[in-house]
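Reading through the structure tokens given below for one structure.
The values are calculated or read from the model by the stated rules, or taken from the named source; none is laboratory data. Small disclaimer: the values here were computed from a predicted structure and weren't measured. Cβ: placed from backbone, ideal geometry, glycine included. Neighbour counts: every protein chain shown.
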Amino acid sequence: MSETSRLSPRSAVHGDPLTGRLLVAYLVSLLLHALLLFGVIGGWLGSSPRGDKPPVYYVDLMHKPVLDPQAGRPEPRMAQPAPPAPAPVAAAEKAPAKTTAPSKATPATRAPVKDSDRHLQEALQRRRDEVALQERMAALRQAQAVPMDVPVGLPDARGREAGVDPQAYVQAAIQQNWALSPYSLADPAKMAKIEAWVWITYSKNGRLESFRFEKPSGDPQFDESIKRALVKSQQLPNPLPVRLENVRVIFNLKELKTKAEVWR
Amino acid sequence: MRRLRPLFLLLLLAASWAMAARAADIEITAPGQQTLPLALTRFLPQGGAPAPAVAEELHAVLAADLDLAGIFRFVDPAAFLSDAVQVGLFSTQVDFSQWRLLGVEVLIKGTYSVQGDQLTVEGRLFDVPNRRLLTGRRFVGRVADVRRIAHAFADLILKELTGVAGPFDARIAFISSRSGHKELWLMDVDGHGAIRLTNHRSLVLNPDFSPTGKELLFTSYRAGNPDLYRKEIFTGQEARVSSHPGLNIAGRYAPDNSALAATLSRDGDPEIYLLGRDGALRKRLTSSFGIDVDPSWSPDGRQLAIVSSRLGAPQIFIVDLNSGASRRLTANGKYDATPAWSPTGERIAFTRQEKGRFDIYTIRPDGSDERRLTFGPGNLEHPRWSPDGRFLVYSSDAGGKKALYVIRADGTGSRRLTPPGVDASHPAWSSVW
């Protein structure tokens, strides 16, 4: 018998073993494809938000160092909501279904058993509906709650990072509070060289404990502006991860020297 | 050598420790805010009937002066809390926490009292973060002096916050033909209160204040020839100080008020001469084939910046008074004119004509760091410095008729001083009045 005759429909009808195997393989393939299709469709239709992680929000706070990487998170971190405590009526109403023994602690449960009053039955039904609704709401809240292990804030952060270098945070805070016009210096022509050194100590709760000028600039307006900035920075918005003791802060106007050359 | 190894190791450790210690420094290379947050409250009546017009004028003049200074950022008065309407002349009377809440660093409060024609103003400047009084003064004058009182308080504020008093309680002399002829006029530095000083009914030009600010030197064609005149502002007395044949123009007082420099053409072409205060000829300072005009003294009185066409086109030159040596200052333009040496001595302002228009430039006296301050429109000419070197006043014909404008020394904050419809040119800024 030639190969052509083996694969002909006529041979399959007559129960050729090779043709039968091909038919079985065809049917198995069809079944697998059907299962795959049902799986895809079923998964798509039956997908639940429960297992999905919310989108990651990246907040660049004007390139400023942030102490807490989660500071830019849009919504507060949510703990898993506790399921609502079952109402006494519902608990009592379920109890008789499991056991026929009457409970002394729940006298209300005896009412539907021994009384066939229609109004009472309706009230109990409404109560059962409310309990079911509350359970569904709790399940929904749980599904939509942000899991604790979702990366938030910075792209690679997981919410447990200690934050950036505390010195960078202190630097940003003091700089933000430092107000000085280049027009107000006694000798703006020397702006490129002006510099003051100050030793500062911050407690762990972000309180400026002390500051001391090691090297004043010699320009009273410049030094006064630094004092004002430090007084304004005496309490940082957030606590520090560590105590900063005797850190030297160098104040200068390197970035403003171009303006200084223009002035006067 | 082996014995020294531990020492080397110790030195290495010490060096690395020192480097680690340096790495712990915090360096802040620019302030977060380049203006001081300022709260300017309305002055409140105290001990007299309320005079809202006086309070309004005090506030407006102070605000305009401090805004021109460029140092401050005004906190919106709509955000002020209850302390803004409480009298607070002492630090114990001010609720600083309210102002800190608004981010204010310096606070201005004050009171006024009107008794008949007498006006008493108390002005105070507070440091909000440090909760202390920085400066304050009581001003007593006539009600008509309200603008001058506000200018004087603005000068005091700048003195406290910058170390150099402001130039607002001063006058600007200028030339205007609003009376029909080009005459000498005087006004406040914000353009108010213009009064005519001369009535020559001819042509008056080029005023210059004496260092005391109480006397003016100018050129007038009153006698037919451009002669130099001197006028005492308060007495009104006037005298002709130089009437040589030809030009007697562009007279400038020496910084120590001991002499005058002026352009005379008595020997042919215009040259720079040194004169006594009485006009006596002392010395010829330049001797070139070109025209030498427009002298401007250095603050130390040892040099003059002049305009000379000795190399062809007008350029700025520096002339040493002792040696008589001169050097070229500007080399980039084809037509530079009217130099004005700043009171601090660090820059010289001048005008340059390019593409048929004049603009204002500054340059260091050594010829370096030339900067263009203005970019039109119109012809911007005759720059003169304020006595503190913070500002320049100049004339511009951008609107048709020439008007006076003021800008900061870095070219920012241009503001018109004279009203539209009347011409004004050739300004000169007096010392503090």
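Quick notes
- For segment B:21-42, the count of residues that are in contact with a Gly (Cβ under 6 Å, 6 or more places away or on another chain), outside any strand (DSSP E or B) and within 14 Å of another protein chain (Cβ to nearest Cβ) is zero.
- For segment B:293-306, the condition holds for at least one residue, the condition being that it is small (Gly, Ala, Ser), surrounded by 18 or more Cβ atoms within 10 Å (Cβ to Cβ), modelled with pLDDT of 95 or more and part of a loop (DSSP other than H, G, I, E, B).
- Taken over segment B:311-326, the residue count meeting the criterion of being farther than 21 Å from B:ARG384 by Cα, free of Cβ contacts under 8 Å to residues at least 24 places away in the same chain and touching a strand residue (DSSP E or B) at 6+ places or on another chain (Cβ under 6 Å) is 1.
- In segment B:91-103, the qualifying residues are those that are closer than 24 Å to B:ARG138 by Cβ and surrounded by 12 or more Cβ atoms within 10 Å (Cβ to Cβ), and the one that is farthest from the other protein chains (Cβ to nearest Cβ) is B:GLN93.
- Annotation: of all residues in segment B:157-200 being among the aliphatic types (A, V, I, L, M), within 19 Å of B:ARG416 (Cα to Cα) and under 15 Å from the mean Cα position of the chain (by Cα), the one that is surrounded by the most Cβ atoms within 10 Å (Cβ to Cβ) is B:ILE172.
- With respect to the conditions (1) within 21 Å of B:PRO339 (Cα to Cα); (2) touching a residue at least 60 places away in the same chain (Cβ under 8 Å), B:ALA261 falls short on a single one, namely (2).
- Counted residues, segment A:1-34 - those being part of a helix (DSSP H, G or I) and modelled with pLDDT under 55: 9
- Yes/no for B:LEU134 being within 14 Å of chain A (Cβ to nearest Cβ) and in a helix (DSSP H, G or I): no
- Taken over segment A:227-259, the residue count meeting the criterion of being among the hydrophobic types (A, V, I, L, M, F, W, C), more than 9 Å from chain B (Cβ to nearest Cβ) and either surrounded by fewer than 16 Cβ atoms within 10 Å (Cβ to Cβ) or within 13 Å of B:ALA30 (Cα to Cα) (or both) is 1.
- Scanning segment B:138-149 for residues that are surrounded by 15 or more Cβ atoms within 10 Å (Cβ to Cβ) and either without any contact (Cβ under 8 Å) to a residue 24 or more places away in the chain or within 13 Å of chain A (Cβ to nearest Cβ) (or both) yields B:PHE139, B:GLY141.
- Residue check for B:PHE80: surrounded by 15 or more Cβ atoms within 10 Å (Cβ to Cβ) and within 14 Å of another protein chain (Cβ to nearest Cβ): no
- For the criterion of being surrounded by fewer than 22 Cβ atoms within 10 Å (Cβ to Cβ) and without any contact (Cβ under 8 Å) to a residue 60 or more places away in the chain, B:VAL204 fails.
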